[in-house]
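Asker: One structure is given below, represented as structure tokens, and several questions about it will come after.
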Amino acid sequence: MKVLNAMMLALILLAVSIPAASQKRDSTDGSIFVGRHFSFVLKEPNGWIMDSATAEAQGLQAVLYPHGSSWKNAVAVMYARVIYKDEDQSSIDKVISNDVADFLKFNKESTVSDSPPLATRHNGKTISKDFYDAANKNYETVTFIDESKVVVILALSSQQKAEYEKALPAFKALVGSYFVFTPLVSP
């Protein structure tokens, strides 16, 4: 029994020590993303590719783009990012207000509006915002997911409104696939 407990502890410690951008593929449930104080699952929508290698270079957990394109040349893209809560961003509200303030700082003609919350796999609560970057004519929907020590951000972005609207169902599917993989979250 002691050997079994030690083996289980070793497996859990190994899983927790996996770098943040790593993922484990599972054809049914998606990819597991693990980092300090978080572990969650996302599944790429049909017709989309999830790319964690490119994401790592961008400081993200995942980037997604339609089959036949790439992160650099896709007309619509999605990404996953984790923000650690700290003194300046101690809550989801602070993360959102900082994000909105930073965004509006660059162009006063840009807009941010509330968007209906999207459901996660286990009906977790989210807050969604629509961003329009007037200078770059970029449309973006950002969904914020509050976890105990991080805020997970999932976003859809496109410079073409028609492509943005066409990709919205895929984005809703991505958010709908999200769930916390609790056994790997460290306190």
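Each value in this text was obtained by applying a stated rule to the coordinates, not by laboratory testing. The shown structure was predicted, so the numbers you read here are calculated from the model rather than taken from an experiment. For neighbour counting, all protein chains shown are included, and Cβ atoms are generated from backbone atoms with ideal geometry for every residue, glycine included.
Asker: Ranking request for peptides 151-157, 97-103, 71-77: highest mean number of other beta-carbon atoms within 10 Å first, then the rest in descending order.
Answerer: Highest-to-lowest ranking by the protection proxy: 151-157, 71-77, 97-103.
Asker: Please list, short to long, the whole-number percent of alpha-carbon pairs of segment 55-157 in consecutive 10 angstrom bins beginning at zero.
Answerer: Result, from short to long distances: 14, 42, 37, 6, 0 percent.
Asker: Continuing with the same structure: Charges only on Cβ, +1 for Lys and Arg, -1 for Asp and Glu: so what's the dipole of segment 115-187 about the Cα centre, in debye to the nearest 20?
Answerer: 120 debye
Asker: So what's the net charge close to residue 115: Lys and Arg +1, Asp and Glu -1, counting the other residues with Cβ under 10 Å from its Cβ?
Answerer: Net of charged neighbours comes to -1.
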